[in-house]
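First the structure, in the form of structure tokens, and then the observations on it.
The values are calculated or read from the model by the stated rules, or taken from the named source; none is laboratory data. Predicted model only: the values in this text are computed from it and were never measured. For neighbour counting, all protein chains shown are included, and Cβ atoms are generated from backbone atoms with ideal geometry for every residue, glycine included. For accessibility, only protein heavy atoms count, side chains too; no ligands or nucleic acids. Shrake-Rupley method; radii C 1.70, N 1.55, O 1.52, S 1.80 Å.
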Amino acid sequence: MHSKRIVVKVGTNVMTNMNNRIVGPILKNLVRQIAYLYERDIITILVSSGSAIAGKEVLGGCSAEDKSTRRQIYSSVGQPRMMRHYYSMFHDFGMRCGQVLATKRDFAPGKYRENMINCYEGLLDEGIIPIANEDDAVSLSMSMFTDNDELASLVAELVNADMLLMLTDIDGLYTGHPEAEESKLLHHVRVHDNVEQYVQASEKGEGEGRGGMKSKLKIAKDTASKNIPTYIANGKNENIILDILEGKEVGTKFTI
Ligand code: GLU
């Protein structure tokens, strides 16, 4: 058993280019860092989006008129494609991974939750990397997460993670628009700090994914208040996971 466990959430905006295509080397780079940590007694639970965009890649278009049905179809086709990428990338590092899909219902106290804990603990005991995503093919309305940031936070709590890393395409929380010269990156936010005022200014639109900075800030604070240090950081930076674990001043860290 590894002595530390971390949850890494990767948004669609991290893994895609300007044409909304999944960039293999970005995924590979994340897997490389996870493999490096694995050898150093830290196991990662990966929360990966990408099913919808991967489905669009495969199908091109889809004739279903209803938006929810289209989302279900894209995700249903795209999720195995994502897992094919991860399966072969982890295999290249001599590692194994398993898929855990969930809807919001599964996290409510009761049997579903117990089953999920059992599954995560079983995988982690075996040294298998759990890869979580929302079960987009069946989760609609009531059973839907706000976004995968929410899922990642719930997973971090479920497995008693030592840390949550929310990787996006911005370096963290800024005091203004990320591209404005006078904006500063906030390196450390405590849960009671009043930083909500900065969110509007720091929003730059997040492409295909659902969660924006407003939701990230709320979730980062909620998770940190449960004594799980949480980071918002740029997943497109080559060594971001390792830099954070080595204590370098990157991203925005949230603590109690
Ligand atoms: N679960 C969705 C997917 O894999 C992404 C949700 C989100 O953007 O947070 O495509």
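Taking every Cα-Cα distance in the range 108-176 and sorting them into 10 Å bins from zero, the calculated P(r) comes out as 16, 45, 29, 9, 1 percent. Toward the positive end of the charge dipole of the range 88-211, with +1 on the Cβ of Lys and Arg and -1 on the Cβ of Asp and Glu, the farthest Cα among 165, 91, 129 is that of 129. Accessible surface for the chain, divided over its residues, is 47 Å² per residue with a 1.4 Å probe.
Across the chain, the relative contact order, built from alpha-carbon pairs under 8 Å that are at least six residues apart, equals 22 percent. Straightening the chain between residue 105 and residue 93 buys 0.9 nm, computed as 0.36 nm per residue apart minus the Cα-Cα spacing.
Counted residue by residue at 0.36 nm each, then reduced by the alpha carbon distance between them, the extension gain from residue 194 to residue 63 reaches 42.5 nm.
Nonpolar atom fraction for the range 34-125, defined as the carbon and sulfur part of the 1.4 Å probe accessible area, stands at 50 percent. Computed over protein heavy atoms with a 1.4 angstrom probe, the accessible surface ordering of 65, 121, 126, largest first, is 65, 126, 121. Once backbone amide H atoms are built at 1.01 Å from N, residue 174 has 186 as its partners under 5 Å, excluding neighbours fewer than 5 places away on the same chain. Protein-only accessible surface at a 1.4 angstrom probe places the residues 97, 119 in the order 119, 97, largest first. Gyration tensor analysis over the Cα atoms of the range 1-150 returns equivalent ellipsoid semi-axes of 26, 21, 11 Å (largest first, whole Å). The convex hull of the Cα atoms of the range 71-155, projected and averaged over all directions, covers 5.8 nm². Which values of log₁₀ I(q)/I(0), to two decimal places, follow from the Debye formula for the chain at q = 0.11, 0.17 Å⁻¹ with a uniform point scatterer at every Cα? Taken in order of the listed q values, log10 I(q)/I(0) reads -0.56, -1.41.
Only aspartates and glutamates eight or more places from residue 67 in sequence, or on another chain, were considered; those with a Cα closer than 13 Å are 136. Candidate cross-link partners of residue 9 among the lysines, defined by an alpha-carbon separation under 23 Å and a same-chain spacing of 8 or more, comprise 28, 56, 104, 204, 214, 216, 218, 221, 226, 236, 248, 253. Per-peptide packing, taken as the mean over residues of other Cβ atoms within 10 Å, places 234-241, 130-137 in the sequence 130-137, 234-241 from highest down.
Sorted into 5 angstrom bins from 0, the C-alpha pair distances of the range 1-77 split as 3, 14, 20, 18, 15, 12, 9, 6, 3, 1 percent.
Here residue 113 sits with roughly 60 square angstrom of accessible surface, probe radius 1.4 Å. Residue 140 contributes an accessible area of around 60 Å² to the protein surface, as traced by a 1.4 Å probe with all chains present. Residue order by solvent-accessible surface for 9, 67 is 67, 9, largest first, with ligands and nucleic acids left out and a 1.4 Å probe. Applying 0.36 nm per residue to the separation of residue 21 and residue 140 and subtracting their alpha-carbon distance, the gain on full extension is 40.3 nm. Note: the range 132-256, Cα convex hull, 122 Å³ per residue.
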